[in-house]
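Below is one structure, written out as structure tokens; comments come after it.
Please treat every number below as a calculation from the coordinates, not as lab data. Given the structure is predicted, the values throughout are model-derived calculations rather than measurements. In this analysis, Cβ positions are derived from the backbone assuming ideal geometry, glycine residues included, and neighbour counts consider all displayed protein chains.
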Amino acid sequence: MTAGGSGWRMRAACADVDPEVFFPVAESGPVQERQVAEAKVVCAGCPVRSECLAWALVTLPHGVAGGLSAEERRGLGASRPVRVGPPPEATPRERAQAGRAALAAGRAPAVVAAELGVSERTALRWAQQIRTAERGAA
Ligand code: SF4
């Protein structure tokens, strides 16, 4: 799924896997479900899954990444990719979007802060916003 590069991509479990595995040719039905499941098996053992997910939430509109399908990523708040590039190059708005999604997926605020290059206080503020939104939706 990854396209070379450095940093977390160098540790990706899919580094030597055919990229087509992560982009199912079928758009729906049992064939697509089987292809997505195959990709998710690779992601399940990936040591950089959270980094990949944060990147994919702001960058990748299609395919499986970070252990989630494109539809599942949209459900985490990635309405549509707004910029091509890793989180460190993202705008503050894109970074906040990726951070809130990572927190909603269960990442610790300190980890999210380190991954996205923001203060822990900022990550805690995002977490508070999620809790407030959840209370409002309940
Ligand atoms: S989470 Fe999946 S798509 Fe992302 S780097 Fe790991 S194996 Fe590749």
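Miscellaneous remarks
- Each peptide in 21-28, 43-50 was scored by the mean count of other Cβ atoms within 10 Å over its residues; highest first, the order is 43-50, 21-28.
- Computed about the Cα centre, the dipole magnitude for the stretch 7-137 is approximately 680 debye when only Lys and Arg (+1) and Asp and Glu (-1) carry charge, each at its Cβ.
- Computed label-point distance, nm, for sites Ala37 and Arg11 using a 7 Å Cα→Cβ extension: 3.0 nm
- Packing rank of 62-71, 30-39, where each peptide gets the mean count of other beta carbons within 10 Å, highest leading: 62-71, 30-39
- Coupling constants for the stretch 25-38 follow from the phi torsions by the Karplus curve (6.51 cos²θ - 1.76 cosθ + 1.60, θ = phi - 60°), and in residue order they are 6, 7, 8, 6, x, x, 5, 5, 4, 5, 5, 5, 4, 4 Hz; glycine and proline get x.
- Between the residues Ala113, Trp8, Val42, the greatest Cα displacement towards the positive end of the dipole of the stretch 7-137, with unit charges on the Cβ of Lys, Arg, Asp and Glu, is found for Ala113.
- The length gained by stretching the chain between Ser28 and Arg121 to full extension, at 0.36 nm per residue less their Cα-Cα distance, is 29.3 nm.
- Relative counts (whole %) of C-alpha pair distances in the stretch 7-137, using bins that are 10 Å wide: 13, 42, 33, 11, 1
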